[in-house]
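**Student:** Just passing along the structure, written as structure tokens.
Computed from the coordinates by the stated procedures, all read-outs in this text should not be read as laboratory data. Computed from a predicted structure; not experimentally measured. Cβ sites come from the backbone with ideal geometry, for glycine too, and all protein chains shown count toward neighbours.
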Amino acid sequence: MGSMARTKEKSKAIKLRHKGKSINEIAERLKISKSTISSWCRNIELTSEHIKRLVDRQKSGSYKGRIKATEKKRRIRIREEKILKYQGIKEVGKINRRDLFIAGISAYWSEGYTHPRSDQVGFTNSDPKMILLILRWFKEICNISDDRFSLSIRINKIHKNRIKEIESYWSKLTHIPLSQFNKTILIRSNSKKIYPNHKNYYGTLRIIVRQGTKLRRKINGWIEGLTRAK
């Protein structure tokens, strides 16, 4: 099944689950394994009406008990996820300059251009939050002005009819004009990532810093310093 078809099937499964359909019903209708349907719908909480419908279909008191137990576990898991997420946000707190400095080095080391035979400063990622973090790092720590950024977008070819929409999305997110964007690159390989909504896909963004040779050499030193830090 192709990525586009997979995306549509996942969207259908989620809609059916919201309507109170059972995992078995959805699997049978879409001709997809129950394990896959279950993973797609794991965060969907059933209402009391949905539970009643499922129980009525089974006509079993034990089934009703299992459904309620499953929903109770789901609610506990979702509540725990929210609590831990909040705690994590609180523990990070405000970011000072030193925090941003280290976070940016780590991010660049992971996703930036580090090939030893190149002095180019570049960073590629699909996560908009990561893009905003690295841009903040470039501007506040590396003192790079907006006019030195050159951006390129890579998207799967199946989204070629959304090029203008995707370009506008990244331009608005980064506050960098489209005049600083290179021609969008269409990738011919099949995307393996599944999106419930086809329009949630915006490809990857590559950021290049013009005239960045000196900065790249300094970044190399920062990364080396991070590896030696005690």
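**Student:** Please give the net charge around Asn220, taking every other residue with its beta carbon less than 14 angstrom from that of Asn220, where Lys and Arg add +1 and Asp and Glu add -1.
**Tutor:** Local charge sum for Asn220: +4.
**Student:** Within straight cross-link reach of Lys73, meaning Cα distance under 17 Å, which aspartates and glutamates are found once same-chain residues fewer than 8 apart are removed?
**Tutor:** Those aspartates and glutamates meeting the cut-off are Glu45, Glu81.
**Student:** So in the stretch 97-228, what percent of DSSP beta bridges are antiparallel if you round to the nearest 5? Don't skip to the answer; put the middle values down first.
**Tutor:** Details: 12 of 16 bridges.
Here the share of antiparallel DSSP bridges comes out near 75 percent.
**Student:** Going by average Cβ neighbours within 10 Å, how do the peptides 171-183, 154-166 rank, with the highest at the top?
**Tutor:** 154-166, 171-183
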